[in-house]
Structures are given as structure tokens and as C-alpha cells.
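Everything on this sheet refers to the single structure shown next.
The values are calculated or read from the model by the stated rules, or taken from the named source; none is laboratory data. Bear in mind that the values here come from a model prediction, so they are computed numbers and not experimental data. When we count neighbours, we look across all protein chains shown, and the Cβ atoms used for this are built from the backbone with ideal geometry, even at glycine. These accessible areas exclude ligands, DNA and RNA; they are computed on the full protein's heavy atoms, side chains included. Shrake-Rupley method; radii C 1.70, N 1.55, O 1.52, S 1.80 Å.
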Amino acid sequence: MFSSKKLILALGVLVIASLLLAACQPAGTPAVIEKTIVVTQMVEGEPVEVVQVVTPTPEPTGPRTLVICLGQEPDTLYVYGGSMLAASQVQNAVYDGPFDNNSFGYQAVILEKLPSIADGDAAVNAVDVAAGDTVVNDVGDPVALAAGEKVRPAGCRSADCAVEYDGTSALQMDQMVVTFKMLPGLLWSDGTPMTANDSVYSFNLQMDPDTPAPTKYTGERTATYEASDDVTAVWTSLPGFLDSTYFINFWGPLPEHTWGQFTAAEIVEAPEAHDTPLGWGPYIIDEWVKGDNISAHKNPNYFRASEGLPVFDNLVYRIVGENSNANLASLLAGDCDVVDQTSHLDDQSELLLELQSAGEVNATFVTGTTWEHADFNIRPVEGFKSGDFFAAWDSDGDGVGPFGDVRLRQAVLMCMDRQAVVDTVMFGQSEVLHTYLPPQHPLFNANAKQWPFDVEAGSALLDEIGWVDDDANPETPRVAKGVTGVPDGTLLEFSYETTSATQRQQATQVLAQSMAQCGFKVNLNYFPASEWFADPPDGKLFGRRFDLGQFAWLTGVEPPCELYIGSEIPTAEGDWAGQNETGYSNPEYDAVCNAAKQSLPGEPSYDEKHLEAQLIWSQDLPAAPLYLRLKLAATRPDFCNFIMDPTNNSEMWNIEEFDFGECAGG
């Protein structure tokens with residue numbers, strides 16, 4: 001462990017070395033001050049603190065250059081070519097917007113505003129439909145309307161009021177029309193005016209069969225996307241599709257005037273899109289030297305240039321790899337102004353906090369939208385056995401396993417010392433969760449049931465179920481004594497499984513030790529991610545072949561209640577599609593969640609039903625909510641305007657405002 005005493009010693013050496021070096025400089029020569037730092041290295045599997053001397057790079061004169069060090073190299077800079085975070089880090093310099101996604105909301109960047117039903121630039125209209133028309137059916141799939149197809153007539157927002165079309169009768173369905181207004185005077189970086197037609201070109205390019213876009217979900221549910229003038233784009237949904245995030249259905253413009261010479265298939269590998277894409281953002285890409293760096297310069301046609309942005313004349317992304325020791329040393333030496341989150345500084349968290357206290361770096365820890373949870377296998381796949389505990393429980397053939405008893409799930413959560421994980425594994429930088437939403441989310445329900453670490457209460461609940469502690473020995477597990485459908489003497493023992501990631505191993509060890517205080521015998525098993533997340537039916541997690549399983553889901557602006565609805569249980573009958581591998585099924589929860597998903601923001605039912613769904617979930621606990629994963633990056637100590645936001649995946653979202661120097665003191 002890195003101690004304050006060792007840090008003070010290192011800083012003392014730093015000061016002495018600085019004075020000696022300054023004294024030895026020839027007259028008139030700028031002093032080059034070496035820094036002595038302490039970094040942690042693994043030697044024969046053990047962490048060893050090593051003192052290193054680094055020489056900071058002198059501040060350049062003349063044009064200013066920003067150096068950002070990336071732990072990973074992008075696979076492509078083509079916006080429809082992949083979804084790597086490393087690519088997004090660079091794309092934020094090329095494109096500004098069209099939206100930002102901060103603080104669990106969206107903000108318009110190159111649009112005048114976000115459209116809204118309240119303002120009249122978005123509307124839900126009842127339209128006539130007939131056999132053969134493409135519509136979205138009751139389950140959300142685009143289909144050709146035909147006899148027997150179940151759809152929702154105009155005004156219907158749930159499956160309860162859906163009807164089977166008879167093939168001939170007159171029918172109306174709801175259709176959304178949303179109008180987007182671009183800021184006037186936008187230019188591509190080559191000086192060409194940017195228009196709404198460039199957004200329509202982007203839409204058509206994404207929907208081309210030869211474009212490998214990560215998702216085409218919204219486009220597949222679009223009736224038309226058209227430009228009504230140079231600054232106006234209009235999105236019209238297929239009848240039956242009501243999109244709760246309709247206000248961001250504006251496609252980021254792409255330069256048809258330069259890319260139009262290529263087919264969709266050619267663009268994927270064309271250097272003009274893959275390596276040096278033309279944009280409208282603060283910087284223009286000059287060159288991508290594979291494996292080394294991506295360089296760029298200030299865009300004189302940037303729409304915020306009158307504000308003095310971007311701050312720097314030149315920008316360099318250095319591709320440094322994921323060696324956290326080397327990356328931290330580069331930051332301290334001045335070779336990097338920013339070390340990004342793809343550099344995996346997680347194993348240097350304690351040292352970063354110490355260095356930040358000493359004024360050597362700025363470390364930014366942010367709880368993101370990735371939340372860790374341990375899911376209970378309430379309904380194991382048929383034939384799955386995991387020791388006597390699971391084998392003995394299913395006495396009536398309904399497929400429900402031992403975690404079908406909600407009291408047992410509640411006892412497990414009360415016996416998990418989640419705060420200890422936050423304090424030790426996460427160095428106090430995260431927080432304990434109570435639902436599938438973080439407390440900062442505007443739709444978080446503060447009245448949701450909370451289950452603090454309470455060995456006495458958890459033990460009392462186990463006694464109530466019939467899991468007794470015969471010998472009062474904390475070293476031995478409880479046994480069944482009168483548990484319905486379970487032979488007396490069955491051990492309270494199960495497997496707790498997850499990936500072999502170091503942080504998860506540390507977290508599960510803390511949780512298993514705390515559960516042992518209540519009389520649980522918890523067997524920890526770790527698997528490579530490829531095995532843990534393998535496709536069903538043979539995969540452990542989504543094949544429903546586990547006891548208690550930990551992994552992470554993403555949340556965001558819209559609460560993800562649908563992760564736990566009954567229709568999402570992966571089954572052989574449903575071709576193993578679905579995300580609810582817990583097997584949790586509660587008709588009341590399903591109805592409330594579906595009502596929330598079928599409402600639009602601004603409608604009373606949207607907030608009301610999302611809040612109600614969390615109340616049910618927090619009582620039923622299909623999963624044990626654990627903690628939020630961290631996003632971590634570091635900058636030089638005098639860096640300004642570096643803002644990592646929970647819901648914005650990239651910390652480069654405002655790269656045009658990055659600065660260092662005197663701004664830090666202002």
C-alpha cells in the first residue's frame with residue numbers, strides 16, 4: 001500500500017533534487033527540474049513501490065499544443081464503423097454534438113433547441129392505416145399490416161387495448177412528427193455550408209445495408225426523414241412507434257459533398273472517413289500514424305470560434321497503451337496533459353489520490369452509468385443442479401429455485417456489506433445502490449426500500465424461513481429445519497459467480513465474508529468473460545445456469561426497468577432472446593414498467609410509473625444492487641474545464657474548452 005510517509009519522503013527528494021539541479025545550471029540556461037516519483041510495479045506477483053526520476057517537458061513557446069494520452073487506439077474514426085470509447089475520444093474533436101448527454105439529460109449543440117410536444121415542434125397524430133402499410137405492432141416490431149396482426153389503435157398506450165386487425169376495417173394509429181432546426185451559418189471545416197440535407201444523407205448512409213452501424217433500431221421504425229429547407233429536418237415515425245427519446249432523432253450530419261463519391265461499402269475503409277474524417281468541430285485531423293499518434297489543428301470555421309475556441313492551436317492524441325505505471329509517469333513528466341479513462345489507471349487509484357493531495361496531479365473519479373449487481377437465479381433452467389441447496393428446493397415442478405423466496409433474497413442483501421466494498425475496493429469514490437437507478441438520476445425514487453447491512457436483521461429473517469444456526473458457530477453454515485420443501489439438514493450454501501476481473505474478485509471476497517456472518521456458506525467462482533457471457537443455452541449467465549451471478553448493466557437517461565420484466569426471460573421457446581436471466585416474473589411489475597415505457601416524457605404517467613416500478617423492484621429484489629462503477633482519468637494539476645459527467649461516456653465532450661495554466665488560478 002502507498003503511504004503518506006513514503007509520499008512525503010518522495011516529495012522531499014523531489015525538492016532537494018530540484019534545488020541542486022537549478023544550482024548547477026550554467027548562467028542564462030533555463031533550469032530543467034527533475035521530479036522524483038513513486039510508482040507501484042508488480043514483481044513476481046507482488047506490488048512493489050519503485051522510485052523513478054522523470055524530467056518534465058519544458059512548456060513550449062509559440063502555438064499551444066494539447067497532448068491527450070489514450071490507453072487504447074481507435075479501430076476507426078468512421079462514426080458508423082464501430083463503437084469504441086477510444087474512437088469517441090477523438091470524434092469529439094471532429095464533431096461537436098449534435099447533442100451532449102450530460103446530467104441524465106440531453107442538450108442541443110448544433111440545434112436551436114430540443115423539440116418537445118409542449119412547444120409544438122413535436123406532435124403525435126392519428127393517421128389512417130390499411131392492409132399492406134408498414135406499421136409497428138404491439139410488441140414493437142415493424143411489420144406489414146395484415147389480418148391477425150396485433151396493433152395499438154390511436155390513443156392506445158398498452159397491450160391491454162391492442163386489437164387484432166381484421167384486414168379490412170378502417171383503422172387509425174398514432175404517428176410522431178418531430179421538427180429539428182439547425183443553428184444558422186454552420187460550416188464544414190473546409191468552409192462548405194452545412195445543411196439539413198447533410199443530416200438526411202447521414203440517415204440514408206446509416207440505413208444502407210452495407211453500413212455496419214452498431215444499431216439501426218430507430219431508423220427501422222422511421223417512415224420518413226426529410227429536409228424541408230436548409231436548416232430544417234423532419235422525422236416521422238412509422239405508425240405505432242412512440243419514441244420516448246424522440247427529441248434526439250436528428251442524425252449527425254456527414255459531408256455528402258466529399259463522401260458522395262463513395263458507396264456505403266467503400267466508405268467503411270476510405271481514408272476520408274476511416275482516418276481523417278471531415279467535421280464541423282473544434283479541430284481538423286491532420287494525420288493518423290497508426291500505433292503512435294493522431295494529430296490535429298484548430299478549425300478556423302468552428303461555429304464557436306468567436307468565443308476564442310478551441311483554446312489550443314494544435315492537438316495530439318498519443319497512443320500510449322494500458323500500462324498504468326508508465327502512463328502515470330508520463331503525466332508527471334509532462335509528456336501528457338491528460339491521461340484518459342481507456343488508460344486503465346484503476347490500479348493506481350490510491351496513489352492518484354495521494355498525488356492529488358500533494359498537488360502533483362488532478363485525478364477525476366466519477367460514478368458513471370454502469371452499475372454492478374448480483375442477480376438471483378430465481379428460475380433456473382430445467383435440469384440445472386447446483387448442490388443440495390438448489391436440487392432440494394423445486395418440490396412442485398414450477399421451475400422456481402431457492403431464491404424464489406423473496407425473504408431469502410432480502411436476507412442476502414442485508415448480509416452484504418456493500419459499503420465496505422465502496423470504502424475499500426472503490427476507495428470511497430463510489431456509492432451503494434438501492435435500485436437500478438443511481439441516486440443522482442432525476443427519476444430515482446427516494447422512497448424505494450433500502451436494505452442496510454444488518455447481520456442481526458438478516459439472521460432473524462433466515463430464522464423465520466427455517467434456516468437455523470444449530471451450533472451458533474459462525475464458521476459453519478446454517479441448516480434447514482422446517483424449510484418448506486427442503487430436507488432438514490440441507491446446508492445454506494450456494495455459489496457466487498462472476499468474471500475473473502480483479503475488481504470483481506476483490507468485491508465478491510468482501511461480500512462473501514460479510515454474508516458468512518449471517519451463516520451463509522458462499523463459494524466464489526470466477527470465469528473468463530467469454531465463458532461467463534457465452535451465448536445461451538449453454539452459457540452460464542444467460543443460459544440461467546448459476547446461483548448468484550454478478551455483472552454490470554448500463555443505465556442512462558431512460559430508466560431500464562425492462563431488464564427485469566417477465567417477457568425478457570431467455571427461454572428455449574423464445575429462442576433464448578431476452579435479458580432477464582433472473583427468471584423474475586411479477587405481473588404487477590410488468591404492467592407498471594410497460595406503462596412507463598409506453599409513456600412519453602412530460603406525460604404524468606411517465607414519471608409516475610417509473611417511480612412505482614422502482615418501489616416494486618426494491619421490495620422484490622430480483623437482483624442485489626451493489627455499487628456504481630467508476631470512470632477515472634487524470635490531468636496535470638493546472639488543468640481547467642475537464643468535466644467527466646456520469647451520463648456522457650466520453651470525457652472529451654467539451655474538448656474545445658480544455659485549457660491549462662493561469663486558468664487554474666482564476
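Annotations for the structure displayed:
- Cα-based Rg and Dmax for region 514-597, where Dmax is the largest Cα-Cα distance (Å): 15.0, 41
- For region 198-286, GluC sites (Glu not before Pro) meeting the loop criterion (DSSP other than H, G, I, E, B) and having at most 14 other Cβ atoms within 10 Å: Glu269.
- Straight Cα distances below 17 angstrom link Lys150 to the aspartates and glutamates Asp128, Asp133, Asp138, Asp141, Asp160, Glu164, Asp166, Asp174, with same-chain residues fewer than 8 positions distant left out.
- Each eigenvalue of the Cα gyration tensor of region 537-666, multiplied by 5 and square-rooted, gives one semi-axis; in descending order these are 38, 21, 13 Å.
- Part-to-part distance (alpha-carbon centres) for region 158-195 and region 502-536, which is given in Å: 46 Å
- The aspartates and glutamates within cross-link reach of Lys449, meaning a Cα-to-Cα straight distance under 13 Å and a gap of 8 or more places when in the same chain, are Glu612, Asp620.
- Region 286-293 - phi-based ³J(HN,Hα) in whole Hz, Karplus 6.51/-1.76/1.60, Gly and Pro as x: 8, 7, 10, 8, 4, x, 10, 7
- Placed amide H near Asp133: partners under 5 Å, 5+ positions off or other chain: Leu145
- Karplus (6.51, -1.76, 1.60) ³J(HN,Hα), θ = phi - 60°, over region 623-636, in Hz, Gly and Pro reported as x: 9, 8, x, 10, 7, 8, 6, 9, 9, 9, 9, 9, 9, 4
- Rh by Kirkwood over Cα pairs, then Stokes-Einstein D for region 428-520 at 1.306 mPa s and 10 °C, µm²/s: 101 µm²/s
- Whole-number accessible area per residue in Å² for the chain, which is evaluated in the context of all protein chains at 1.4 Å: 42 Å²
- Accessible-area value, Ile655, 1.4 Å probe, nucleic acids and ligands omitted, Å²: 0 Å²
- Restricting the calculation to Cα atoms, region 92-168 yields a radius of gyration followed by a Dmax of 18.1, 54 Å.
- Column: log10 I(q)/I(0), Debye, Cα scatterers of region 308-349, q = 0.17, 0.22, 0.31 Å⁻¹: -0.50, -0.72, -1.15
- Alpha-carbon centroids, region 306-351 and region 89-124: separation in whole Å: 28 Å
- The order of Glu662, Glu531 by accessible area, most exposed first and with a 1.4 Å probe, is Glu662, Glu531.
- Our coupling estimate for region 552-565, obtained by passing each phi through the Karplus curve with A = 6.51, B = -1.76, C = 1.60 and θ = phi - 60°, is 10, 10, 9, 10, x, 5, 9, x, x, 4, 5, 4, 10, 7 Hz, Gly and Pro reported as x.
- With all protein chains modelled, accessible area of Ser585 [1.4 Å, Å²]: 60 Å²
- Surface composition of the chain: carbon and sulfur atoms hold 51% of the protein heavy-atom accessible area at a 1.4 Å probe.
- Per-residue accessible area (protein heavy atoms, 1.4 Å probe) orders Val510, Val338 as Val510, Val338, starting from the largest.
- Between amide H atoms placed 1.01 Å from N, distances below 5 Å from Asp286 occur with Ser295, Ala296, His297, all of them 5 or more places distant or on a separate chain.
- Computed helical MRE - 222 nm, the chain, DSSP H runs ≥ 4 contributing -39500 (n - 2.57), nearest 500: -6500 deg cm²/dmol
- Within the chain, the proportion of C-alpha pairs whose separation exceeds 45 Å stands at 31%.
- In this Cβ point-charge picture (+1 for Lys and Arg, -1 for Asp and Glu), the chain has a dipole of about 1120 debye about its Cα centre.
- For Asp375, the amide hydrogen comes within under 5 Å of the amide hydrogens of Gly549, Gln550, Phe551, Ala624, counting only partners 5 or more places away or on other chains and with H modelled in the peptide plane.
- Charge-dipole axis of region 147-226 as Lys and Arg at +1 and Asp and Glu at -1 on Cβ define it, positive-most pick from Ser189, Ser158, Thr224: Ser158
- Measuring nothing but how far apart in sequence close Cα pairs (under 8 Å, 6+ apart) lie, relative to its length, the chain scores a relative contact order of 16 percent.
- Under the criterion of Cα pairs below 8 Å and six or more residues apart, the relative contact order for region 169-281 equals 35 percent.
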